[in-house]
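Just below is one structure, and these are the notes that go with it.
Only the coordinates and a few stated rules stand behind these numbers; no lab work does. Being a predicted model, the structure only gives us computed values, none of them experimental. Every residue, glycine among them, receives a Cβ derived from its backbone with ideal geometry; neighbour counts consider all protein chains shown.
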Amino acid sequence: MIGLAYLGALLVSLGGLALLDRAHRLAFWSDWRRSALCVGIGVAGFLAWDGAGLLLGIFARGDSPHMTGLLLAPELPVEEAFFLALLCYLALLAWRWFDRSAAGREHGQRAEPSETAERDR
């Protein structure tokens, strides 16, 4: 059971981001195709980067009792893909949040994300 701790924490964190996204309609609940493309390209790019680092001997998988032990490739744990998805999703949500806030400031408003979400509906 302890071997699922890290993956579980990543999944709970992704779920929390999805709840924030849903509440404020920032990414997937605003335009799911564009959001999926953005997160997918980011994860693929970082996985390619990880692969290059592993081939060059720069990166190595550490041992931890908190990881599942499942590998996507030699020395590439499955948790890495979920971590990268979390990283890319968080970056997308932060970008959308700041973009909406800046748009509200340009219009002379104090842009609360919930207000801009109401306006975008």
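Summary of values
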| item | result |
| --- | --- |
| Linear extension gain, I41 paired with A103, 0.36 nm per residue minus alpha-carbon span | 19.7 nm |
| Farthest positive-ward along the chain dipole, Cα basis, beta-carbon charges - from A103, L54, F28 | A103 |
| Label point 7 Å beyond Cα of D31 along Cβ direction - residues of region 86-105 with amide nitrogen under 13 Å | 96, 100 |
| Rel. contact order, % - alpha carbon contacts under 8 angstrom, at least six apart, the chain | 34 percent |
| Volume per residue of the C-alpha convex hull in the chain, rounded to whole Å³ | 117 Å³ |
| Computed label-point distance, nm, for sites W95 and T68 using a 7 Å Cα→Cβ extension | 2.7 nm |
| Estimated FRET transfer efficiency when R0 is 25 angstrom, pair V78-M1 (beta carbons, to 0.05) | 0.90 |
